[in-house]
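A.B. asks: Take this structure, written in structure tokens, and hold onto it; I'll ask about it next.
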Amino acid sequence: MQDVSSLVAQAREGRPRAVARLISLVEGASPQLREVMATLAPLTGGAYVVGLTGSPGVGKSTSTSALVTAYRKQGKRVGVLAVDPSSPFSGGALLGDRVRMSEHVSDPGVYIRSMATRGHLGGLAWAAPQAIRVLDAAGCDVILVETVGVGQSEVEIASQADTSVVLLAPGMGDGIQAAKAGILEIGDVYVVNKADRDGADATARELNHMLGLGESRGPGDWRPPIVKTVAARGEGIEEVVEALEKHRAWMEERGVLAERRKARAAREVETIAVTALRERIADLHGDRRLSALAERIVAGELDPYRAADELVAGLTEGSA
């Protein structure tokens, strides 16, 4: 058993090994997880969470690395959660070395962590919300969450970030992908990366046109800007940071940031509660109650909905 209070204190001092151990407790669903979250709770709320999403190959890792450089120039501590596909063999992150961010490895003001999806859909790891909480409590000013790059199912980041950045690139059909994937609804800032390639202007125009078609914004509502970058050379990154800060200021002024964080906390509570219920229901396989309900359904004495109601009522009574 680890001394959670000591780990948290060390994480607050910026010790990467302590941060790593706390996130490992989260990922491993440790029996100490409740103690970890209880200790972290009063220390969170100061970090600005930025999600980066987009199709594979648009340059998410390169853009994330460039943003880290820009924020470090401002003297801010930066945490990075890079969510990767899971290895079918080990369950670990396939791109765990994060080679594109290797320049920041020795910087004590930057913490980079790869997380495996482990089959979780939506472009994020299931433990991402708690890992974000760890980095927040550890004193990160900005947390960059880079999603897996799974294309059309990758919209979950909108529920976990304060600001969502959608990256596209010319010549990849991303305009059509954006229209199909619901990405036009989740983006707060759009970035056309690899803008030195042919078709970058056309991609930006197409995206601007589609944003206009789907527009249902009133006066004073946020209209997502479109920024062109060449992340590999750091071009346009300052403009992206400026767009992020403008969005943050707009959210704070209108109370949107507080509402987003409240909704995020509500979803987190709901997920934990549903997971607990699923585990309890899983424990019922072979249990007499579930078997008896199944027999009554087969005999035509009970419909599945009534049976489910009785099962839930029994679970509720058992926990009272």
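The values are calculated or read from the model by the stated rules, or taken from the named source; none is laboratory data. Nothing here was measured: the structure is a model prediction, and the numbers come from that model. When we count neighbours, we look across all protein chains shown, and the Cβ atoms used for this are built from the backbone with ideal geometry, even at glycine. Protein only, heavy atoms only, side chains kept; ligands, DNA and RNA dropped before computing areas. Shrake-Rupley method; radii C 1.70, N 1.55, O 1.52, S 1.80 Å.
A.B. asks: Tell me, what is the 1.4 Å probe accessible area of Val256, in Å² to the nearest 10?
C.D. replies: Counting only protein heavy atoms, Val256 exposes about 40 Å² to solvent.
A.B. asks: I've got another one for you. What does the charge add up to near Val189, with Lys and Arg as +1, Asp and Glu as -1, over the other residues with Cβ less than 13 Å from its Cβ?
C.D. replies: -1
A.B. asks: Hey, rough spin-label estimate for Val312 and Glu245, points 7 angstrom out along Cα→Cβ, what's it come to in nanometres?
C.D. replies: 4.9 nm
A.B. asks: If packing is taken as the average number of other Cβ atoms within 10 Å across a peptide's residues, how do 3-10, 39-46, 59-66, 15-22 rank, most packed first?
C.D. replies: 59-66, 15-22, 3-10, 39-46
A.B. asks: In the range 246-261, whose amide N lies under 20 Å from the spot 7 Å out along Cα-to-Cβ of Arg223? List them in ranges.
C.D. replies: Only 246-254 pass the distance filter.
A.B. asks: In the neighborhood of Gly236, defined by Cβ-to-Cβ distances under 13 Å, what is the net charge if each Lys or Arg adds +1 and each Asp or Glu adds -1?
C.D. replies: -2
A.B. asks: List the residues, sorted by chain then number, that are 5 or more residues from Met115 or on another chain and whose placed amide H is less than 5 Å from its amide H.
C.D. replies: For Met115, the qualifying residues are Ala82, Val83, Asp84.
A.B. asks: Okay, next question. Hey, rough spin-label estimate for Asp196 and Ala299, points 7 angstrom out along Cα→Cβ, what's it come to in nanometres?
C.D. replies: 7.6 nm
A.B. asks: What is the sum of charges around Thr39, taking Lys and Arg as +1, Asp and Glu as -1, for the other residues whose C-beta is under 12 Å from the C-beta of Thr39?
C.D. replies: Summing Lys and Arg as +1 and Asp and Glu as -1 gives +1.
A.B. asks: Starting from 0.36 nm per residue, how many nanometres of slack lie between Ala282 and Glu238 once their C-alpha separation is accounted for?
C.D. replies: 10.8 nm
A.B. asks: Ordered by residue, what ³J(HN,Hα) values in Hz, to whole numbers, does the range 56-62 give under the Karplus form 6.51 cos²θ - 1.76 cosθ + 1.60, where θ = phi - 60° and Gly and Pro are x?
C.D. replies: Running phi through 6.51 cos²θ - 1.76 cosθ + 1.60 with θ = phi - 60° gives x, x, 7, x, 5, 5, 5 Hz.
A.B. asks: Quote to one decimal, in nm, the extra length available between Val274 and Thr44 on full extension: 0.36 nm per residue of separation minus the C-alpha distance between them.
C.D. replies: Separation in residues times 0.36 nm, less the Cα-Cα distance, equals 80.4 nm.
A.B. asks: Sticking with this structure for a sec: What lysines does Lys262 reach when the alpha-carbon gap must be under 24 Å and sequence neighbours fewer than 8 apart in one chain are set aside?
C.D. replies: Candidates past the 8-residue exclusion: Lys246.
A.B. asks: Another question, if that's okay. Given 0.36 nm per residue, what is the gain on full extension from Asp107 to Ala20 after removing their alpha carbon distance, in nm?
C.D. replies: Here the segment from Asp107 to Ala20 would lengthen by 29.8 nm.
A.B. asks: Now, a different point. Once you place label points 7 Å from the Cα toward the Cβ at Ala9 and His209, how far apart are they in nm?
C.D. replies: Spacing of the two 7 Å Cα→Cβ label points: 6.2 nm.
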